[in-house]
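Accompanying notes for the structure given below.
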Amino acid sequence: MVETAIKTQAIQIKELRKSYGAQEILTGIDLNINYGEVVCVIGPSGSGKSTLLRCLNLLEVPSGGTISVDGEAVFSQQNKSDNKKINIQEIRSRVGMVFQQFNLWPHKTVLNNVIEAPLLVRKQEKAQAVEKAEVLLRKVGLSDKRSSYPSSLSGGQQQRVAIARALAMDPKIMLFDEPTSALDPELVGDVLKVMKDLASEGMTMVVVTHEMGFARDVADRIIFMDQGVIVEEGAPSELFSNPKSARLRQFLASVLD
Amino acid sequence: MDINVDLIIDSLPILLKGALVTLQMSLLAIVIGTISGLVLAVFLLSGKKTLIVPTRIFINLLRGIPFIIQIFIVYFSFSNFGLEIPAFTSGVIAMALNTAAFQADIIRAGIESIPKGQHEAAFALGISKRQTMIRILIPQVFVKILPSITNELITLLKNSSLVSVIAVVDLTRVGQQIVSTSYRPAEIYIAVALLYFLMNLAISQGSRYLERKAAAYR
Amino acid sequence: MIFDFSIVPRYGPALLEGFLITLFICFIGLLLGLFIGGLICWLKIRFPGWGATLANTYIEFFRNTPFLIQVFLLYYVGPVFGISISAMTAGILGLGLYGGAYFAEIYRSGILSVHKGQAEAARALGMGEKSILYRIVIPQMWGLIMAPLTSQIITLVKESAILSVITVQELTFVGQRAISETYNYVEIYTLVAFLYWALVTALANLLKGLENYSTRYLNVRERSPNKLIFMKKQDVKLRS
Ligand SMILES: Nc1ncnc2c1ncn2[C@@H]1O[C@H](COP(=O)(O)OP(=O)(O)OP(=O)(O)O)[C@@H](O)[C@H]1O
Ligand SMILES: [Mg+2]
């Protein structure tokens, strides 16, 4: 039996482990995230932030522990047989993900990038999907780009399209993996603005970021990871002004200087 | 239909003789062809229009015309000028010219990829331009293009089967001759195919060995 | 040595007919080859164990034996087993089987060269592996493989001349027959060579256009021809 998760929690993670070969990248993560909560994950490079995020929608298959997303078991170590019954595609369609490198499909126009999954996965009517896509493109400030190919857009514009593409599936949860790290500094603001709006609308968000300003202003909670574990977590005000662990202090010193 | 194994075994000695001719032609052609390719590459890099344009036309023609036609043209051209040249020689010349045309641009790119500083260092040491070319550039270029020379050699070996049409007694021709007396095309052509396959296998293995050796020098 | 222009009206029509047959066998052989290549590539990717072994055996055989011998096997061995096919059929089949071996590896390197993030983004949206392959990866593969594909197609066209040896009535065969009648080999080989050269050149330009079309969605600077990841050096050879 897979434990039924309490419906008030968007994400429940227990003792999550992930190894590549002999190397254990995540060494036991426990984390619960409520609906509507914005959680920022910070930590040095290689600490396992991306891996954690990618385990949540099973882009990486965990090596151990349990994960529930939106009240449904995504992975459970105890009941390996249950994992086969899990409809990965269904769960993924409820969790949006935004990548550092945007990963827009270059051979499809902006509009077609946005409506592809709704048409294919949700089997929506085209007219309905387009209508929805137009609303989303307006929301990210790119209505005029609907017929452009991604290659003609700036990085910031591409990332906003990627956000619209993820939102088109009406996700309950949005995962962001360093969404602004590949952008020129002057383009970061537009993307963060869209993310802020999303947060204020009550979207559940898990954001891996190096933008400490964003984390401080928008996050309800900050998770500091190092070497595959959560070292410290708490409200931004508390965490930034009063870091308990030496590792976090060191990390903050290195990013805030 | 049963496979006549005896026939294959009995034919093996003459097939191997044919294979030897095939191998000889291919090796001769790769050596002559690579050197000619180098000459064409130097022409292309000469910066002189009077050299570049004819070289380009030559390369373009040879790459645009089927090899079998090239063999006929070489073969008939000699007899046209009253030259009694053995078919073997015609075959080797056609093969060498063909591979030269394909290698010219590969070698040119190889030469261009050698950092300019190396020439300058050589000049600074008082080494002449010609010596720089021979002692410093060419060995490096050779190491770079070794994989494509291997590809070319495999291509040559396969293409060499076409010289059978001008009556060179190579592996293919020997196979045809045996078939015409034994009427057993299945056994013979499969044996012929396998012999070509094995020769190519030996070439790629040999080249891999050479590449490892060459890598050790870097 | 004077070019005898009377050859042109005398043998022009026959050569043109041979040229059309060359066009025909190349076209059908090419389509067959592109299809067989897809099949072999699918086999190799879909069934990594036995499928890949089978596919590799096929690929290595057809890439490491002369096309002429492959054609002999098709044309002369069939009747021994009671399967007789015409020279033309053997020729088209031969081009298809031979081309397929090369196309399979070109497709595969193209598929592997599509950036990993492309499929990942689709996966994260809940798309199935099949739709990812057909809607995201393969459409982008075309743009990446057009350059090696072009070389291979041109090689195939040139290899078709070899079919004259098994009496397919294509351009080379018609040319040789004309020579055996007139001994005007200078004129006739010039014409034949020119026709092949023109065909190959036209094809190269056409395919260049197709390459530009298949990457029309990219910036000009992103359209560099060789972004392919070649798995082994000899994986994708650019000529026969
Ligand atoms: N597919 C993989 N195979 C092997 N090792 C991997 C793989 N993916 C990630 N790793 C390793 O796992 C560790 C954690 O990687 P991860 O990408 O989660 O770090 P991160 O915290 O996101 O770092 P960054 O800030 O640089 O993005 C790294 O040491 C990385 O080398
Ligand atoms: Mg990361």
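The values are calculated or read from the model by the stated rules, or taken from the named source; none is laboratory data. The shown structure was predicted, so the numbers you read here are calculated from the model rather than taken from an experiment. FYI the Cβ positions are ideal-geometry reconstructions off the backbone, even for glycines, and counts take in every protein chain you see. Surface areas here come from the heavy atoms of the whole protein model, side chains and all, with no ligands, DNA or RNA. Shrake-Rupley method; radii C 1.70, N 1.55, O 1.52, S 1.80 Å.
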task = Rank these by accessible area, largest first, 1.4 Å probe: A:Lys108, A:Lys193, A:Lys132.
result = A:Lys193, A:Lys132, A:Lys108
task = Taking 7 Å along the Cα-to-C-beta vector as the label spot, tell me the A:Ser143-B:Ile3 distance in nanometres, rounded to one decimal.
result = 7.3
remark   = To the nearest 10 degrees, the tilt of helix B:171-182 (Cα long axis) against the first principal axis of the alpha carbons of chain B is 10
task = Report the residue, chosen from B:Leu61, B:Leu38, B:Leu171, that carries the largest GNM mean-square fluctuation when chain B is represented by alpha-carbon nodes joined by springs under 10 Å.
result = B:Leu61
HN-Hα J in Hz across segment A:124-139 - Karplus 6.51, -1.76, 1.60, θ = phi - 60°, x for Gly and Pro = 6, 5, 4, 4, 5, 5, 5, 4, 4, 4, 5, 4, 5, 5, 5, 4
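Which of the pairs A:Lys145/C:Lys44; A:Lys108/A:Lys139; A:Lys18/A:Lys193; B:Lys116/C:Lys208 have their Cα atoms more than 30 Å apart in this structure?
Details: A:Lys145/C:Lys44 40 Å; A:Lys108/A:Lys139 20 Å; A:Lys18/A:Lys193 33 Å; B:Lys116/C:Lys208 32 Å.
Beyond 30 Å: A:Lys145/C:Lys44; A:Lys18/A:Lys193; B:Lys116/C:Lys208.
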request  = Rounded to the nearest 0.05, what FRET efficiency do C:Lys130 and A:Glu72 give with R0 = 25 Å and r taken as the Cβ-Cβ distance? Could you check?
outcome  = 0.60
task = Starting from the Cα gyration tensor of segment B:5-217, multiply each eigenvalue by 5, take the square root, and state the resulting semi-axes largest first in whole Å.
result = 38, 22, 12
ask   = Cα axis of helix C:171-182 to longest principal axis of chain C: angle in degrees, 0 to 90, nearest 10?
value = 10
request  = Show that you can apply the helix-only estimate: for the protein assembly as shown, add -39,500 (n - 2.57) for every DSSP H stretch of four or more residues, divide by all residues, and state [θ] at 222 nm to the nearest 500.
outcome  = -20000 deg cm²/dmol
remark   = For the pair C and A, the solvent-accessible area buried on both sides (1.4 Å probe; DNA, RNA and ligands excluded), in Å² to the nearest hundred, is 2000
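Accessible area lost on pairing C with B, both sides, 1.4 Å probe, Å² to nearest 100?
For chain C against chain B, roughly 3500 Å² becomes buried.
Give the accessible surface of segment A:8-100 per residue, rounded to a whole number of Å², with probe radius 1.4 Å and ligands, DNA and RNA excluded.
Computed with neighbouring chains in place, this is 39 Å² per residue.
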query = Rounded to two decimals, what ratio of Rg to Rh does chain A give with C-alpha atoms and a Kirkwood Rh?
reply = 0.97
key: Fraction of alpha-carbon pairs over 46 Å apart in the protein assembly as shown - percent   = 39
inquiry  = Quick check: at a probe of 1.4 Å, how many percent of the accessible area of the protein assembly as shown sits on carbon and sulfur atoms?
reply    = 61
key: Complex-versus-alone comparison for segment C:53-68, residues with a loss of 10 Å² or more in accessible area, probe 1.4 Å   = C:Glu60, C:Phe61, C:Arg63, C:Asn64, C:Thr65, C:Pro66, C:Leu68
ask   = Angle between the Cα long axis of helix B:5-45 and the longest principal axis of chain B, 0 to 90 degrees, nearest 10?
value = 20
remark   = Between A:Ala253 and C:Val8, the two model label points (7 Å from Cα along the beta-carbon direction) sit apart by a distance in nm of 8.7
task = May I ask you to list the GluC sites (Glu not before Pro) in segment A:76-157 that are in a DSSP loop and have at most 16 other Cβ atoms within 10 Å of their Cβ?
result = A:Glu125
key: Derived scalar couplings ³J(HN,Hα) [segment B:63-77; Karplus, 6.51 cos²θ - 1.76 cosθ + 1.60; whole Hz; x for Gly, Pro]   = 7, x, 10, x, 4, 4, 5, 4, 4, 4, 5, 4, 4, 6, 4
Chain B, accessible area per residue, ligands and nucleic acids excluded (1.4 Å, Å²) = 50
